[in-house]
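Laboratory data are not the source of any read-out in this text; all were calculated from the coordinates shown. Remember, predicted model here, so these are calculated numbers, not experimental data. Methodologically, a virtual Cβ is constructed for each residue, glycine included, from the backbone with ideal geometry; neighbour enumeration extends over all protein chains shown.
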Amino acid sequence: MKILWIKSGPLFPLNTGGRKRTHAMLVELAQRHEVTYLAFFDEATPITGEEERSPYAAVKKWIPLREHPKPSFALLLAVLKNFLFSTLPWALAKWHHPAMVRAITEECRNAGYDLLVCDFLYPAPNVAEANPSLPTVLFQHNIESLIWKRMAENKSSPISRAYFKSQHDRFFRAEKALSAGFDAIITVSPEDTRFARERYGLENVVGDVATGVDTAYFNRHDTAPKPKRLGFLGSMDWMPNIEGVAWFVKEILPSLHRSDPEIEFVIIGRNPPASIRELSAVDPRVVVTGTVEDVRPFVSECRAIVVPLLSGGGTRLKILEALAMGIPVISTSIGAEGLMLEHERHLLIADLPDAFAASCLRLLQSDEACAALSRSGREIVTGQHGWAHAAQTFQSLCSEVLASSFPKAPAP
């Protein structure tokens, strides 16, 4: 196939689950297909040599787009303008740009592609406006409206809750309408597939692709875990991660410290905001690493990784990476959503603070429990979550799209 792959930005550094998933899938696909990667890049951040050298696409084309700095008056003004005069949520509207619409139109007119893949929902308004005549696939890493719904429900401030609720309502309408305009939708979990079919009423959802992990890279480590150290792994500039870590520190960690004052909590992830960085100033037993070149040494020192997510969507690559390294995981149900993992066999799942704290203490205090979860968790990841298998599933679903005459579903 000759594939035009549309995305909102570069893939490097590979420091988010979405970037890792896309990069690994494309590296596999590019071995058998001709891929052109078309994406925005921030004019303030030049494309790296590592990005240009990576074999994930035969051709990479970049459209400059200057993002508003965070925080800034310009960003606040743009968000306010969007809230007052646009029907799109801000997280979608900021990626809708005439230059991308023109680029998609020109590529589809002149380059003879077999298939267009829109990676994540964010570039979808550009694809809709370009209205290409070739088959189109939306690769949905998350159900975006579900993320905003859960975040709204967890906000304590009435003003914040109202704003997040408005963004959820906009996302629900936009995601449903934009998704219906594609010939096919591929999700990353059976749960997301079911949501898109049942809640959005979409008939163009062709299947899902399980998330993979680089099991050669995320392997067992020589470093022995510290017996009283728990860790969190994830990008700390993503709101559901910030929310989950704050909940763990406020609702769970005090209970753990009453049982054992020496328990440490390490937050491993890029770009932590001030609210997260300040946690270590309040309590030195909370360590915030910030951006690190290699997360593996930090993960390997943890007795267990916690995934205390209260919102979010898609699949949790951080869980698979920890399990591949043989590190046990304690997660909320939302944190482990989308993964075919069993409670008590592959990981521990707890949703209430007392139950989550009890699960943490169980692993901190029992070598036998840790060893059993470490063994079974690594076995399922190495056996079922390689990237080659994920890419083959994605390729097969795309081939079905090309072989079938899917009419574009009318927008509701």
- Message: I need to check one value: relative contact order of region 247-391, counting alpha carbon pairs closer than 8 Å and at least 6 residues apart, in percent.
- Response: 21
- Surrounding charge for residue 156, neighbours by C-beta under 12 angstrom, Lys/Arg +1, Asp/Glu -1, total +1
- Message: From the C-alpha coordinates alone, can you work out the Kirkwood hydrodynamic radius of the chain, in Å?
- Response: 22.2
- Residues with amide H under 5 Å from that of residue 347, placed H, sequence gap 5 or more: 342
- Taking amide H positions as placed 1.01 Å from N in the peptide plane, with prolines and chain starts having none, which residues 5 or more places from residue 41, or on another chain, fall under 5 Å of its amide H? 63, 65
- Task: Please work out how much length the chain gains when fully extended from residue 239 to residue 153, using 0.36 nm per residue of separation minus the C-alpha to C-alpha distance, in nm with one decimal.
- Result: 29.6 nm
- Task: Return the FRET efficiency for the residue pair residue 283, residue 50: r is the Cβ-Cβ distance, R0 is 41 Å, and the value is rounded to the nearest 0.05.
- Result: 0.65
- What residues have an amide H closer than 5 Å to that of residue 266, excluding those fewer than 5 places away on the same chain, when H is modeled at 1.01 Å from N in the peptide plane? 230, 231, 232, 287
- Message: How far apart, in nanometres, would the label points at residue 375 and residue 58 be if each is projected 7 angstrom from Cα along the Cα-to-Cβ direction?
- Response: 4.8
- Rough spin-label spacing in nm, given labels placed 7 Å along Cα→Cβ, for residue 368 and residue 42: 5.1
- Taking only the Cα positions of region 229-385, the convex hull volume per residue in Å³ is 98
- Using the scaling law 2.2 N^0.38 Å as the reference, what is the normalised Cα Rg of region 83-132? 1.23
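Please state the relative contact order of the chain as a whole percent: Cα pairs under 8 Å, 6+ residues apart?
About 16 percent, as a whole number.
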- Tilt, helix 367-384 to longest principal axis of the chain (alpha-carbon atoms), in degrees rounded to tens, equals 20
- Note on the structure: Each label sits 7 Å from Cα toward the beta-carbon; between residue 194 and residue 1 the label points are separated, in nm, by 2.7
- Task: Count the net charge of all other residues whose Cβ sits under 14 Å from the Cβ of residue 403, scoring Lys and Arg as +1 and Asp and Glu as -1.
- Result: -3
- Folded to 0 to 90 degrees: helix 98-110 orientation relative to the chain principal axis, Cα: 60
- Task: Rank by packing, highest mean first: peptides 194-206, 112-124, 9-21, with packing defined as the count of other Cβ atoms within 10 Å averaged across residues.
- Result: 112-124, 9-21, 194-206
- Item | Protection proxy ranking of 225-234, 259-268 - average other beta-carbon atoms within 10 Å, highest first | 225-234, 259-268
- Message: Could you work out the pair-distance distribution P(r) of region 184-242 from its alpha-carbon pairs, with 5 angstrom bin width and percents rounded to whole numbers?
- Response: 4, 13, 13, 12, 16, 16, 10, 8, 5, 3, 0
- Query: In degrees, nearest 10, range 0 to 90: what is the angle between the Cα axis of helix 387-403 and the longest Cα principal axis of the chain?
  - Reply: 30
- Sorted peptide list for 333-339, 272-278, 248-254, 154-160, criterion being average Cβ within 10 angstrom, highest first: 333-339, 248-254, 272-278, 154-160
- Message: Using Cβ counts within 10 Å as a stand-in for footprinting exposure, how do 318, 7 rank, fewest first?
- Response: 7, 318
- Between region 8-50 and region 194-261, what's the alpha-carbon centroid distance in Å? 23
